[in-house]
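Visitor: The structure's right below; bear with me while I get my questions together.
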Amino acid sequence: MRLEQLQAFLAIAQTGSFQQAARKCGVTQSTISRQIQSLEADLGVELFHRTNHAKLTIGGECLLPRVRKICQEWQTATQELTDLIAGKQPELCIAAIHSLCASYLPPVLQKFCHEYPEVQLRVTSLGSDRALKVLKDGLVDLAIVMNNRFLTTGREMVVEALYEESIEVLTAAHHPLAQYESIPWSELVRYPQVVFKDGYGMQRLVQDKFERLDAKLQAALEVNTLDAFRGVVRQGQLVALLPYSALMEARNDSTLAVRPLADNSGFTRRVVMVTTQDRLQIPPIQNFWQLVLEYIPPQFQQQRSAS
């Protein structure tokens, strides 16, 4: 049983004529007749009374509503695919790490909404590992995350490195570490820290660094928003290791201090944009991808050019 047989059957039922159905389907009358004969052979029942007017048999009457539904579903599906390829998708879902949503992405989002007003843009702030998981599950179209090669490998994945940024120390303004222009690791490891929860790339990055230093990470508290980091550190007891882009507001806060590490070689965060090969062929996703590349913050442009 083939779709064109069902379409021929529906056309005859609608017009009451093999000849008119052939015109409607754009084929010859003999082709229509062969398609119906083949369909009847497959089903083992006659579908039309062969008279001057092609009238449905009882079997044909029974089949008609089902065929009408199948053909309607096929028409809807092909139209949706046509719209998708033409860029007429109803929404675009993005997952991004928290620090980008406040600083990097706003101008990108504004430009995209201006260029695609008919597309509902949905942005969700997630940790890197979670963002990549929902991308693989098909719940979002594109993720902007800290790189995790274990989750971004695969023939279907497209990964674009955006920039690499330093990791710095956030403390209260009156904290003992704030007296340093750049903080030695030997001093930093003495203090308890507030860290990201499991599933966040930064949590894994910090933990790995402490293990390489053969030092114990005193993780006193886990949070998952930048507001929470600033609020907790402001109390004066805990410190935090955060990427450069997550410290924009903290730099302008007199109750907080941001300091570089004395030896920061190799301790950086790489931010990447990830989607799948098939999604990147869809115009709105392709457009968003290009906008993200165009709007890379100036402080990271030189690093990108050098890499």
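Visitor: Here is a list of conditions, (1) open to solvent by 80 Å² or more (accessible area, probe 1.4 Å); (2) in contact with a Lys or Arg (Cβ under 7 Å, 6 or more places away or on another chain); (3) not charged (D, E, K, R), and Thr15 meets all of them except one; can you say which number that is?
Guide: The one condition Thr15 does not meet is (1).
Visitor: From (1) out of contact with any strand residue (DSSP E or B) (no Cβ under 8 Å at 6 or more places or on another chain); (2) surrounded by 13 or more Cβ atoms within 10 Å (Cβ to Cβ), pick out the condition that doesn't hold for Ile94.
Guide: Just one mismatch for Ile94, condition (1).
Visitor: Is it the case that the range 222-233 has a residue that's closer than 25 Å to Cys101 by Cβ, modelled with pLDDT under 95 and acidic (Asp, Glu)?
Guide: Within the range 222-233, one or more residues are closer than 25 Å to Cys101 by Cβ, modelled with pLDDT under 95 and acidic (Asp, Glu).
Visitor: Can I ask one more? For the range 24-50, what are the residues that are of a type in the set (Ser, Thr, Tyr) and surrounded by fewer than 16 Cβ atoms within 10 Å (Cβ to Cβ)?
Guide: Thr28, Ser30, Thr31, Ser38
Visitor: Need at least 1 residues that are within 30 Å of Val223 (Cα to Cα) per element, so show me which helices (runs of 4 or more DSSP H) inside the range 9-120 make the cut, counting only ones lying wholly within it.
Guide: Answer list for the range 9-120: 98-102, 105-115.
Visitor: Taking the options Ala13, Ala54, Ala95, name whichever one is in contact with a Phe, Trp or Tyr (Cβ under 6 Å, 6 or more places away or on another chain) and either of a type in the set (Lys, Arg) or touching a residue at least 40 places away in the same chain (Cβ under 8 Å) (or both).
Guide: The match here is Ala54.
Visitor: A further question follows. Tell me which residues, restricted to the range 147-185, are among the small types (Gly, Ala, Ser) and in a strand (DSSP E or B). Even if it seems obvious, please write down each step before you answer.
Guide: First, pick out the residues of the range 147-185 that are among the small types (Gly, Ala, Ser): 154, 161, 166, 172-173, 178, 182.
Once the filter is applied, which keeps residues that are among the small types (Gly, Ala, Ser) and in a strand (DSSP E or B), the range 147-185 yields Ala161, Ser166, Ala172.
Visitor: Hey, another quick one. Based on what the data block shows, is Phe112 surrounded by 13 or more Cβ atoms within 10 Å (Cβ to Cβ), more than 23 Å from the chain's Cα centre (by Cα) and not polar (S, T, N, Q)?
Guide: When the stated conditions are applied, Phe112 does not pass them.
Visitor: In addition: Just checking, how many residues over the range 262-289 are of a type in the set (Asp, Glu) and either crowded, with 18+ Cβ neighbours inside 10 Å or farther than 18 Å from Met157 by Cα (or both)?
Guide: Initial filter on the range 262-289 (of a type in the set (Asp, Glu)): 263, 278.
Narrowing the set further to residues that are either crowded, with 18+ Cβ neighbours inside 10 Å or farther than 18 Å from Met157 by Cα (or both) leaves 263.
So the count comes out to 1.
Visitor: Tell me which residues, restricted to the range 141-159, are open to solvent by 10 Å² or more (accessible area, probe 1.4 Å), on the phi < 0 side of the Ramachandran plot and not basic (Lys, Arg).
Guide: Asp141, Met146, Asn147, Asn148, Phe150, Leu151, Thr152, Thr153, Glu156, Met157, Val158, Val159
Visitor: A further question follows. Do any residues in the range 60-75 that are closer than 13 Å to Ala11 by Cα have Cβ atoms under 6 Å from those of residues that are among the small types (Gly, Ala, Ser), where the two are at least six apart or on different chains, and which pairs are they?
Guide: Note: pairs meeting the criteria are Leu64/Ala13.
Visitor: Within the group Leu256, Leu170, Leu188, Leu162, which residue is of a type outside the set (Lys, Arg), touching a residue at least 60 places away in the same chain (Cβ under 8 Å), closer than 30 Å to Gln290 by Cβ and surrounded by 20 or more Cβ atoms within 10 Å (Cβ to Cβ)?
Guide: On the way: Leu256 fails: closer than 30 Å to Gln290 by Cβ; Leu170 fails: closer than 30 Å to Gln290 by Cβ; Leu188 fails: closer than 30 Å to Gln290 by Cβ.
Testing whether each residue is of a type outside the set (Lys, Arg), touching a residue at least 60 places away in the same chain (Cβ under 8 Å), closer than 30 Å to Gln290 by Cβ and surrounded by 20 or more Cβ atoms within 10 Å (Cβ to Cβ) leaves just Leu162.
Visitor: If you take the residues of the range 51-75 that are touching a Leu at 6+ places or on another chain (Cβ under 7 Å) and not hydrophobic (A, V, I, L, M, F, W, C), which of them is surrounded by the most Cβ atoms within 10 Å (Cβ to Cβ)?
Guide: Looking at residues that are touching a Leu at 6+ places or on another chain (Cβ under 7 Å) and not hydrophobic (A, V, I, L, M, F, W, C), I get Gly60.
Visitor: Please report, ordered by residue number, the strands (runs of 3 or more DSSP E) entirely within the range 235-276 with at least 3 residues that are modelled with pLDDT under 95 and of a type outside the set (Asp, Glu).
Guide: Those strands (runs of 3 or more DSSP E) span 268-276.
The values are calculated or read from the model by the stated rules, or taken from the named source; none is laboratory data. Note that the structure is predicted; figures quoted are calculated from it, not measured. Don't worry about glycine lacking a Cβ; one is built from the backbone with ideal geometry, like all the others, and counts go over all protein chains shown. Keep in mind that these areas ignore ligands, DNA and RNA; they rest on the heavy atoms of the full protein, side chains included. Shrake-Rupley method; radii C 1.70, N 1.55, O 1.52, S 1.80 Å.
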